[in-house]
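A.B. asks: First, the structure itself, so that you have it in front of you.
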Amino acid sequence: MSRPVNLRQELFKSIEGNQIENVREILLTGFNPAQRSILDRKNPLNLSLKKQHWEIAALLISAGLTTNSKVAQYSLGWMYRNGLGVEQNNVKAISWFCKAAQQGDTNAQNSLGIMYYDGLGVEQDYDRALTWFRKAAAHGSADAQNSLGWMYANGLGVEQNYTRAVTWFRKAAGQEYAPAQNNLGRMYHKGLGVEQNYTAAFTCYLKAANQGADVAKDNVSWMLWEALETGQKAVEALIWFNKVANKGDAPAQNILGRMYQKGLGVEQSYDKALTWYRKAADQGHPAAQYHLGWMHLNGQGVEKNYAVALTWFGKAANQGNVDAQNILSRLRRSGPGLDPSP
């Protein structure tokens, strides 16, 4: 077997194994024209990018290897956009995204839309962002479809049009894209481009929240908490908050604590309220810290303990919790003995 073939095999083997130093040594030997021809036919750069071995890809680029693969070109853009194996460089990212986008790569088209939308490496240009988002959306990119919905909803580069916004949000939400599900929920919640429908809004928020979207979790929590205070959806609220709280979500843990403290949709239990407040407070949730302080101040489920109450109020106040700041001010003036409802 000839030397060029052995060299080629060794290079690809090293790339597969992410053996950076081996690749570096092979590249230092240099390639004669015959060896370069072999590499051009099966490009090691494409393999390194496919494997997401970014440092090796950077070495191959430094050695003069390039690529005509649109998928690899998109990956190169991603490398430079995020500083993976190379110094972060938005201008170079755009250059590679352009090469891939012009070959019809949907991810690159969407990425170019983002770059122009945010003004990254280029002057912010909503018109160009729209152009690239439309190309990507036409090829089924849920991210681009959601971005188009956002631009129509907010009149960015286009005349504000809630109906078109809903159309694009629906397309992306139909692909189970969480940000679009949340945005569609907002349109139903506010009655923008559609008839106001709280049930539809809640359903959309919940779909997004179940995929882990934090803003959607907040929206679900807000709607359920609002329903609880009016005596609605108690069972649904309890199921949701238990599900999310048991996964470690501090806001949900705080709300469960509040439900048990006040007996909203559940039998009142100070012990359970304390348990959930502590879980959230230990994660640094300021409202839960405030509520723990209040329960220690008033002896709800625990013996009254002014010092412990002050500690929790202090933690919450230091995070900007206004209720905690106010009660600390009052306690400093009058000392222990307050007993109003929080």
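The values are calculated or read from the model by the stated rules, or taken from the named source; none is laboratory data. Computed from a prediction, not measured in an experiment: that's the story for all the values here. Ideal geometry is used to build each Cβ from the backbone, glycine not excepted, and the neighbour counts take in all protein chains shown. For accessibility, only protein heavy atoms count, side chains too; no ligands or nucleic acids. Shrake-Rupley method; radii C 1.70, N 1.55, O 1.52, S 1.80 Å.
A.B. asks: Taking the Cα centre of the range 188-342 as the origin and placing charges on Cβ (Lys, Arg +1; Asp, Glu -1), which of Gln268, Pro251, Trp240 is farthest toward the positive end of the dipole?
C.D. replies: Sorting the options by dipole projection puts first Pro251.
A.B. asks: Per residue, what accessible area does the chain have, given a 1.4 Å probe and all protein chains present, in Å²?
C.D. replies: 50
A.B. asks: Between Gln103, Gln73, Gln319, find the one with the highest GNM mean-square fluctuation for the chain; connect C-alpha pairs within less than 10 Å.
C.D. replies: Highest fluctuation among the options: Gln319.
A.B. asks: Another one. Keeping the other protein chains in place, figure out the carbon and sulfur percent of the accessible area of the chain, with a 1.4 Å probe.
C.D. replies: 46
A.B. asks: Spelling out what I want: for every residue of the range 61-68, take phi, set θ = phi - 60°, compute 6.51 cos²θ - 1.76 cosθ + 1.60 (Karplus), and round to whole Hz; glycine and proline get x.
C.D. replies: In residue order, the calculated couplings are 5, 4, 7, x, 7, 9, 8, 9 Hz.
A.B. asks: All other residues with a Cβ under 12 Å from the Cβ of Leu292 taken together, and with Lys, Arg as +1 and Asp, Glu as -1, what is their net charge?
C.D. replies: Result for the neighbourhood of Leu292: +3.
A.B. asks: Further, regarding this structure: Sequence gap at least 6, Cα distance under 8 Å: using those rules, report the relative contact order of the range 136-179 to the nearest whole percent.
C.D. replies: 38
A.B. asks: Please say if the range 91-131 is rounded, prolate or oblate, where rounded means a/c under 1.5 for a ≥ b ≥ c the square roots of the C-alpha gyration tensor eigenvalues, and otherwise the choice is prolate for a/b larger than b/c and oblate otherwise?
C.D. replies: In terms of gyration-tensor shape, oblate.
A.B. asks: Would you mind counting up the charge near Tyr277? Only other residues with Cβ under 15 Å from its Cβ, with Lys and Arg at +1 and Asp and Glu at -1.
C.D. replies: My count for the surroundings of Tyr277 gives +2.
A.B. asks: Next up: Give me the angle, in degrees from 0 to 90, between the Cα long axis of helix 286-298 and the longest principal axis of the Cα atoms of the chain, rounded to the nearest 10.
C.D. replies: Once rounded, the angle reads 20 degrees.
A.B. asks: Go ahead and run the numbers for FRET between Gln52 and Leu28, Cβ-Cβ distance against an R0 of 22 Å, rounding to 0.05.
C.D. replies: Here the calculated transfer efficiency is 0.40.
A.B. asks: Within the range 242-276, list the residues whose amide N lies under 17 Å from a label point set 7 Å along Cα→Cβ of Tyr198.
C.D. replies: Counting backbone N atoms under 17 Å from the label point, the list is 265.
A.B. asks: For the charge dipole of the range 101-203, defined by +1 on Lys and Arg C-beta atoms and -1 on Asp and Glu C-beta atoms about the Cα centroid, which residue among Phe133, Gln175, Ile114 has the Cα displaced farthest towards the positive pole?
C.D. replies: Gln175
A.B. asks: Contour minus end-to-end for Asn326 and Glu159, with contour as 0.36 nm per residue of separation and end-to-end as the Cα-Cα distance? The partial results should precede the final answer.
C.D. replies: On the way: separation 167, 0.36 × 167 = 60.12 nm, distance 4.51 nm.
Extra length from Asn326 to Glu159 when fully extended: 55.6 nm.
A.B. asks: Once phi is turned into ³J(HN,Hα) by the Karplus curve 6.51 cos²θ - 1.76 cosθ + 1.60 with θ = phi - 60°, what whole-Hz value does each residue of the range 113-129 show in order, with x for glycine and proline?
C.D. replies: 3J(HN,Hα) across the range 113-129, in whole Hz: x, 5, 4, 6, 5, 8, x, 9, x, 9, 5, 4, 8, 5, 4, 5, 4.
A.B. asks: Do any GluC sites (Glu not before Pro) in the range 142-248 lie in a loop, going by DSSP, with at most 13 other beta-carbon atoms within 10 Å of their beta carbon, and if so which? Intermediate values should be presented prior to the final figure.
C.D. replies: On the way: sites: Glu159, Glu176, Glu195, Glu226, Glu229, Glu236; in loops: Glu159, Glu176, Glu195.
Sites meeting the loop and neighbour criteria: Glu159, Glu176, Glu195.
A.B. asks: Say we join alpha carbon atoms closer than 10 Å with springs in a Gaussian network model of the chain; which of Thr230, Thr29, Thr131 then has the biggest fluctuation?
C.D. replies: Greatest mean-square fluctuation among the candidates belongs to Thr29.
A.B. asks: Considering only Met187, Leu76, Ile26, whose Cα is most displaced toward the positive end of the charge dipole of the chain, charges sitting on Cβ of Lys, Arg (+1) and Asp, Glu (-1)?
C.D. replies: Ile26
A.B. asks: Give me the dipole magnitude in Debye, nearest 20, for the chain about the Cα centre, with unit charges on the beta carbon: positive for Lys and Arg, negative for Asp and Glu.
C.D. replies: It works out to roughly 520 debye.
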